[in-house]
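S.K.: This is the structure, below, for whatever I ask next.
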């Protein structure tokens, strides 16, 4: 799959901002069929960053979210700034 087909959009909620500051993570809405490895590769290709870990969650509304933890040399706030979230 193409990276833009896998990653739909970033979530900008209070929880996502707290995770960004405290744990160097961002939350993305992703394609429901994408697995963790595809999500990791798509994030790394789109933003030219190093991803440490990807956790996924399917919400009660049927939306799939990916909690992406970035490496220590790549602050999540820099990625968020490049996407105009911050």
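Readers should treat all values here as calculations from the given coordinates under stated rules, not as data from a laboratory. Since we're looking at a predicted model, the values are computed, not measured. Heads up, the Cβs are rebuilt from the backbone with ideal geometry, glycines too, and the neighbour counts pull from every protein chain shown.
S.K.: Tell me, please, whether a residue that is surrounded by 12 or more Cβ atoms within 10 Å (Cβ to Cβ) and under 11 Å from the mean Cα position of the chain (by Cα) can be found in the stretch 57-64. Show your work before the answer.
M.R.: Quick first cut of the stretch 57-64, residues surrounded by 12 or more Cβ atoms within 10 Å (Cβ to Cβ) only: 63-64.
Checking which are under 11 Å from the mean Cα position of the chain (by Cα) leaves us with none.
Within the stretch 57-64, none of the residues are surrounded by 12 or more Cβ atoms within 10 Å (Cβ to Cβ) and under 11 Å from the mean Cα position of the chain (by Cα).
S.K.: Name the single residue that is surrounded by the fewest Cβ atoms within 10 Å (Cβ to Cβ) among those in the stretch 4-24 being more than 18 Å from residue 76 (Cα to Cα) and over 12 Å from the mean Cα position of the chain (by Cα).
M.R.: First pass over the stretch 4-24, keeping only residues more than 18 Å from residue 76 (Cα to Cα): 4-6.
Filter again for over 12 Å from the mean Cα position of the chain (by Cα), leaving 4-5.
Working: 4: 10, 5: 13.
The selected residue is 4.
S.K.: Ok, one more. Looking at (1) part of a helix (DSSP H, G or I); (2) buried (at least 19 other Cβ atoms within 10 Å of the Cβ), can you tell me which one residue 44 breaks?
M.R.: Unmet for residue 44, out of (1) part of a helix (DSSP H, G or I); (2) buried (at least 19 other Cβ atoms within 10 Å of the Cβ): (2).
S.K.: Let me ask another. Between 66, 61, which is under 14 Å from residue 35 (Cβ atoms) and not in a helix (DSSP H, G or I)?
M.R.: 66
S.K.: Please state which one of 27, 39 is in contact with a strand residue (DSSP E or B) (Cβ under 7 Å, 6 or more places away or on another chain), crowded, with 17+ Cβ neighbours inside 10 Å, in contact (Cβ under 8 Å) with a residue 12 or more places away in the chain and outside any helix (DSSP H, G or I).
M.R.: 27
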